[in-house]
Amino acid sequence: MAQFVSAFQAAYITIEVLIALVSVPGNILVIWAVKKNQALQDATFSFIVSLAVADVAVGTLVIPLAVVINIGPRMEFYTCLMVACPVLILTESSILALLAIAVDRYLRVKIPLRYKNVVTPRRAAAAIACCWIVSLLVGLTPIFGWNNLNKMRRTQEANASHKAFVIRCQFENVISMEYMVYFNFFVWVLPPLLLMLIIYLEVFNLIRKQLDKKVSSNSSDPQKYYGKELKIAKSLALVLFLFALSWLPLHTLNCITLFCPSCQTPSILTYIAIFLTHGNSAMNPIVYAFRIQKFRTTFLQIWHQYICCETDNTNNLDNTELGNWPLERAGTVPDVPYLDLQKPL
């Protein structure tokens, strides 16, 4: 039995390491691309960078801590709590970054002429800061008191003669399922996901209305702008879909654990759900590379210039090489010629 457990843990650790090896370089590449390409330096991409930072932290911090929890060493209760909380913080920061991206896309199609004045770099930075502050408060709530300390003390009362309260460090031993379901899932995961679904549906609806409008022969074509917006909205909606697909199974298992204590959940399902949550951090760079041309072009340039050490005659990326893109260079106004775009849609 000990050999089986050891082999199983070895397989678990191997998969986690592989996820980290894909997630960390991929998301560092995203951050690098935004820093290198001036055309990617606007509000939308600042939120994408915030999401990438959270995904890098998943690979460098959460996955190693998850391996520790899987091994289950004995440690003091609050030390174990500190090991378990980072995943809660980073999950919430990812959700709020996705929500900020959705709101940003909505504003781009709802008020295209006033967008630059409404979504300024300072406001975008303030929004990112707020997202991380809220994430810290939500993720650290178990440390503030909503945890299993009293429950563990009751179950180990007979052996609690020692000063430090030492337990086997596992997620379920320190994190309350009431917190995970009622507070984390029902308040800070599910409502934002539903709100983002509504926002993207409205974004698609607004874009469709504009694309259905007839274009006069003597004016510029706004369909080009909205066609690009539709493409990027689909790509970012795909990122949202993958996030929901990755995280909902684990939250569903948490609900089963809370509402049906007698139900036996196969361990393999729990591990698959955990792999999905960690694997989500590796998915976004792949989506950007395949669906967003500016990212793809910048990734290739970084690869050739810094990895393959090929000579590059240009210090900055030329917009003509980047292809069509729904976002303009920082500081420019979207090319939307129709004055009737100011009217309510």
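Only the coordinates and a few stated rules stand behind these numbers; no lab work does. Quick caveat: nothing in here was measured; it's all calculated off a predicted structure. Neighbour counts are summed over all protein chains in view; Cβ atoms, including those assigned to glycine, are modelled from backbone coordinates with ideal geometry.
With each label modelled as a point 7 angstrom along the Cα→C-beta vector, the Q293-W146 pair spans 4.6 nm. Taken along the Cα-to-beta-carbon direction at a fixed 7 Å, the label points for R122 and V166 span 5.5 nm. Computed over the Cα atoms of region 261-315, the ratio of the radius of gyration to the Kirkwood radius (Rg/Rh) comes to 1.35. The modelled label-to-label distance for the pair L269/T60, using points 7 Å beyond Cα in the direction of Cβ, is 3.6 nm. If you sort the three axes of the alpha carbon gyration tensor as a ≥ b ≥ c, you get a/c of 1.5 or more for region 12-159 and a/b no higher than b/c, which makes it oblate.
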